[in-house]
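First the structure, in the form of structure tokens, and then the observations on it.
Bear in mind these aren't lab numbers, they're just calculated from the coordinates by the rules spelled out. Bear in mind the structure is a predicted one, so any value in this text is a computation, not a measurement. Glycine gets a Cβ as well: all are built from the backbone with ideal geometry, and neighbour counts include every protein chain shown.
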Amino acid sequence: MTDPLKPLFGGLAPGLAALEKKAAAAQSLTEKVRLELAEALRPHLVSAARRGDDLVVIMDSAAWTARVRYGARTIKERLESGGEPPIDKVQVKVRGRA
């Protein structure tokens, strides 16, 4: 007897593998950014992601965004010297933790 759901779920493996790879890359970038932040800012980093050539840094409170923006050039330079592709600009946004 054949599984009636096999056609439905059979093609999911490649998509799930790509999603897993993308999630791992996002986590890796977030950790790289966290290491470049000042010690006091590190716990407030929610995530970091690439959007085209830009780096988007998300903090948990607006109270920290000015400090991150102030250090954006240094973060950009350190990430690029560590092997990250060139970053056009750093955007800092606010979003609370889920």
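Using the Cβ-Cβ distance between Asp3 and Glu39 with R0 set to 35 Å, the FRET efficiency works out to roughly 0.05. Between Ser47, Ser81, Ser61, the residue with the greatest mean-square fluctuation in the GNM of the chain (Cα pairs under 10 Å linked by springs) is Ser81. Overall, the chain carries a charge dipole of about 280 debye about its Cα centre when +1 sits on the Cβ of Lys and Arg and -1 on the Cβ of Asp and Glu, all other atoms neutral. For Leu79, neighbours were defined as the other residues whose beta-carbon sits under 13 Å from its Cβ, and their charges (Lys and Arg +1, Asp and Glu -1) total -1.
DSSP H helices in the chain with Cα extent of 15 Å or more along the helix axis and mean Kyte-Doolittle hydropathy at least 0.0? Taking the DSSP H segments of the chain (at least 15 Å long, mean hydropathy at least 0.0), we get 12-36. Computed from backbone phi with θ = phi - 60° and the Karplus coefficients 6.51, -1.76 and 1.60, the 3J(HN,Hα) list for the stretch 47-55 is 6, 9, 8, 8, 10, x, 8, 8, 10 Hz; x is used for glycine and proline.
Taking the inverse of the mean 1/r over every pair of distinct Cα atoms in the stretch 6-94 gives a Kirkwood hydrodynamic radius of 14.1 Å.
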